[in-house]
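The values are calculated or read from the model by the stated rules, or taken from the named source; none is laboratory data. Here the structure is a predicted model, which is why all the values come from computation and not from measurement. Neighbour counts are summed over all protein chains in view; Cβ atoms, including those assigned to glycine, are modelled from backbone coordinates with ideal geometry. We work out accessible area using only protein heavy atoms, side chains counted, and drop any ligands, DNA or RNA first. Shrake-Rupley method; radii C 1.70, N 1.55, O 1.52, S 1.80 Å.
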Amino acid sequence: MAESSSDESETTFQLYKDRKEWKDVVPVPQDDGEQPIVAIDYTEQFKDVFDYFRAVLQSGEKSERALELTKDAAALNPANYTVWQYRREILKALNKDLNEEMDFIEKIIVYNQPKNYQVWHHRKVIVEWLQEASKEKYLTETVLAKDAKNYHAWQHRQWIIKTFNLYEGELEYIDSLISDDIRNNSAWNQRYFVVMGTTGFTEEVLDREIDYTLSSIKVVTENESAWNYLRGVLLHDKCGLSRNKKVTDFCQDLYNSGNRSPFLLALIVDMCSEQVSQGNKDPLYNLEMAKTLCKELAEKYDTVRAKYWEYIAETVDKKSNKEDSQVDAEQ
Amino acid sequence: MEKKDIFYPDTVPILLYNKHIEYLKHVSCSSYGNSYDFKSTESIRMSGIYWCLTALDITHSLKEFLQKPANNSDSISEEERIVNFLLQCYNPDGGFGAAVGHDSHMLYTLSAVQILVLLRKLDLVDKHKIARFISTLQQVDGSFAGDNKYSEIDSRFSFCAIACLYLLSLLDAFDLQKHPSSPFGIDTNKAVDFVLKCQNFDGGFGTVPGSESHAGQVYCCIGVLTITRALHKIDTDLLAWWLCERQLPSGRLGGLNGRPEKLPDVCYCWWVLSSLKMLGRLHWINKEALIFYIRACQDPETGGISDRPGDCCDPFHTLFGLAGLQLLGAASELQEINAVFCLPQYVVDAIEEDCCLDQLRAHRDKNAK
């Protein structure tokens, strides 16, 4: 039986209305409240299968043949969530072997519909029923090998890892994906997820992640994901954004080498903003620097976001004035 | 490691206003119902109708369309046909399915309520029953499931729940914080808490806590926070920056993507723009570049708008493209659209929900630039 499923596309589909074993069922046509005035031109197979599905849904039949019918219906329209709901009810009613179901859904996900909400949710439900997650990492890896940013695959993978505590090896996996595509935002997001779910950003881990991210930025400085990740990591630095020596040295070196990546400049601006808010008169990370960089970003390096940079310059200015007036008030 | 890019046309048409009306009328009318495209999208039908009708309304073509006889020969109008369909999708549990015979689902319940509000036919349904259905979908952690059978959790459903209750003018009445001994209701604080947990280190929001930031999810989460007056609980500047980083300048065009390093898509123009509008930061986008992008996605032959230049158009992208242009002030022909509900502003103005109305009005006035 398992072998024949791969041959399905080659055998001729027999319409349900022509099947002897379905003679007892009256098909229910789609009722959109209209009388068609032109010939129906959607495929006959589609109409046939769904007319019979509606009949079975109405009668509440939960048999083997109904289960097969939901398979055909799901294959024709995998986005039809009512088909999947009903299939789950039949699976329960017949107490079916869920491992077979796992094989079935795996084929649909991998070969057919990797970006469909319903098939992934169905997989999740079956895994929950079985309380068996040993195949899930491999499944998501197979899908991610074809599309490394598949949102559903990542979501499923996070659920599996969190629910069944399968964090082991995940950082290595993420690393391999980042090696393939350093700009894979999903992989960078996953890195944060793993650290937060395991060690947390301890001083040691913070240092490790900063090293990792900075070496990645060295390779491609115009990588939004890496810079966002760096900021995310620095959120956990007790000293804040602007006092991590490794990071500040790195940024200065990069800037001095002539690099004007908008992400680099944006981070330096935020470092200035932080210093200004704290009332420090840093020789480098100050209002002057912030305003200069914002101007360069608005006029040259990130012109599409000019309005944003103008706002940031104003904001840092206001913070500076506030600090100055507070100092004046205290004196 | 090459960066992918899209096809850029040599010239960009002006807003093909009349062509879009032609397209929308074609895909909305009853005789279109025989096409394969229509039949095979049955499981999202309710949303399809909402997209079409809203787009028709903002192009000032809804009234005329609704009065047309269905199928050119029947004694009922298109409006009656649509209302009949809607009522057939109204299930005993109080929710709506995507089409006749489909299980109730949060997504299609919102779409149905949006349609009823648009048609001013809310009195045809039991609003409290719908609200009760919604309240049964809230989980212990404050999140919302899509249905009451197999509970898929998604921050989209949080938005559907809150927006729906607001449109039904029952957000206040069903707020357990305000009416703790009510037998039915939602815990708004917990709903907000769950949404806040979906915020990531980059300022964006995902489907569930930990999920990658995604512009569509951002719209839903910001929508919840706007309606519940909880926007002050997030770093709005950080999020607004993440949102304006979605703009991808390429020559004259500057479309928006949904997350870093992905291709631009007209629907993200809506999710990102409306979010920026709610945050009061719409001016952070380069309007001209985005307007060019959306206009480049129009189909000059059939009318309608697609995700990218040169692709096939559909009602979903047509609505969001038009709505985006209106928000950008590039289409004075169009009716004003409300950023929170993606419904015409005049429709939202008529909703009687005092607890939030002032807040939304204040936001609107502040953002009127």
- Every listed condition ((1) of a type outside the set (S, T, N, Q); (2) under 20 Å from A:Y81 (Cβ atoms); (3) part of a helix (DSSP H, G or I); (4) free of Cβ contacts under 8 Å to residues at least 60 places away in the same chain) holds for A:K115 save (3)
- Item | Selection status of A:E299, open to solvent by 40 Å² or more (accessible area, probe 1.4 Å), touching a helix residue (DSSP H, G or I) at 6+ places or on another chain (Cβ under 9 Å) and not in a loop (DSSP other than H, G, I, E, B) | yes
- Query: Considering only the stretch A:130-170, how many residues are under 20 Å from A:D103 (Cα atoms), in contact with a helix residue (DSSP H, G or I) (Cβ under 6 Å, 6 or more places away or on another chain) and among the polar types (S, T, N, Q)?
  - Reply: 2
- Query: Does A:L57 fit the bill of being in contact (Cβ under 8 Å) with a residue 24 or more places away in the chain, part of a helix (DSSP H, G or I), within 11 Å of another protein chain (Cβ to nearest Cβ) and not acidic (D, E)?
  - Reply: yes
- Task: Might you let me know whether the stretch A:211-219 holds any residue that is facing another protein chain (nearest Cβ under 10 Å) and under 21 Å from the mean Cα position of the chain (by Cα)?
- Result: no
- Task: State all residues of the stretch A:128-151 that are in contact (Cβ under 8 Å) with a residue 24 or more places away in the chain and in contact with a Ser or Thr (Cβ under 9 Å, 6 or more places away or on another chain); if no residue qualifies, say none.
- Result: A:A133, A:L144, A:A148, A:K149, A:N150, A:Y151
- Message: So, in the stretch A:60-103, how many residues would count as being out of contact with any Ser or Thr (no Cβ under 8 Å at 6 or more places or on another chain), surrounded by fewer than 19 Cβ atoms within 10 Å (Cβ to Cβ) and not in a helix (DSSP H, G or I)?
- Response: 7
- Message: Taking the criterion of being open to solvent by 70 Å² or more (accessible area, probe 1.4 Å), over 29 Å from A:D180 (Cβ atoms), among the aromatic types (F, W, Y) and at pLDDT 95 or above, would at least one residue in the stretch A:138-151 satisfy it?
- Response: no
- All positions within the stretch B:260-281 that are part of a loop (DSSP other than H, G, I, E, B) and among the charged types (D, E, K, R): B:E261, B:K262, B:D265, B:R281
- Item | Positions within the stretch B:282-297 being part of a helix (DSSP H, G or I), at the interface with another protein chain (Cβ under 10 Å from one of its Cβ atoms) and under 15 Å from B:N257 (Cβ atoms), in sequence order | B:A289, B:L290
- Task: Residue by residue through the stretch B:100-127, note down the ones that are open to solvent by less than 10 Å² (accessible area, probe 1.4 Å) and without any contact (Cβ under 8 Å) to a residue 40 or more places away in the chain.
- Result: B:L116
- Message: Please verify whether A:A187 is in a helix (DSSP H, G or I), of a type outside the set (D, E, K, R) and surrounded by 15 or more Cβ atoms within 10 Å (Cβ to Cβ), treating the condition exactly as stated.
- Response: yes
- Message: Please go through the stretch A:75-113 and give me each residue that is basic (K, R) and either away from chain B (no Cβ under 14 Å) or under 17 Å from A:A153 (Cα atoms) (or both), ordered by number.
- Response: A:K96, A:K107
- Query: Taking the stretch A:190-202 as the search range and keeping residues that are within 12 Å of chain B (Cβ to nearest Cβ) and more than 15 Å from the chain's Cα centre (by Cα), which one is least open to solvent (accessible area, probe 1.4 Å)?
  - Reply: A:V195
- Task: Looking only at the stretch A:210-227, count how many residues are assigned to a helix (DSSP H, G or I) and closer than 18 Å to B:R259 by Cα.
- Result: 4
- Output the residues belonging to the stretch B:67-99 that are crowded, with 20+ Cβ neighbours inside 10 Å and not in a helix (DSSP H, G or I). B:C89, B:Y90, B:G94, B:G95, B:F96, B:G97, B:A98, B:A99
- Could you list, in sequence order, the residues of the stretch B:141-175 that are modelled with pLDDT of 95 or more, more than 14 Å from chain A (Cβ to nearest Cβ) and open to solvent by 40 Å² or more (accessible area, probe 1.4 Å)? none
- Just give me the residues in the stretch A:220-231 being out of contact with any helix residue (DSSP H, G or I) (no Cβ under 6 Å at 6 or more places or on another chain) and either among the acidic types (D, E) or within 10 Å of another protein chain (Cβ to nearest Cβ) (or both), in sequence order. A:V220, A:E222, A:N223, A:E224, A:N228, A:R231
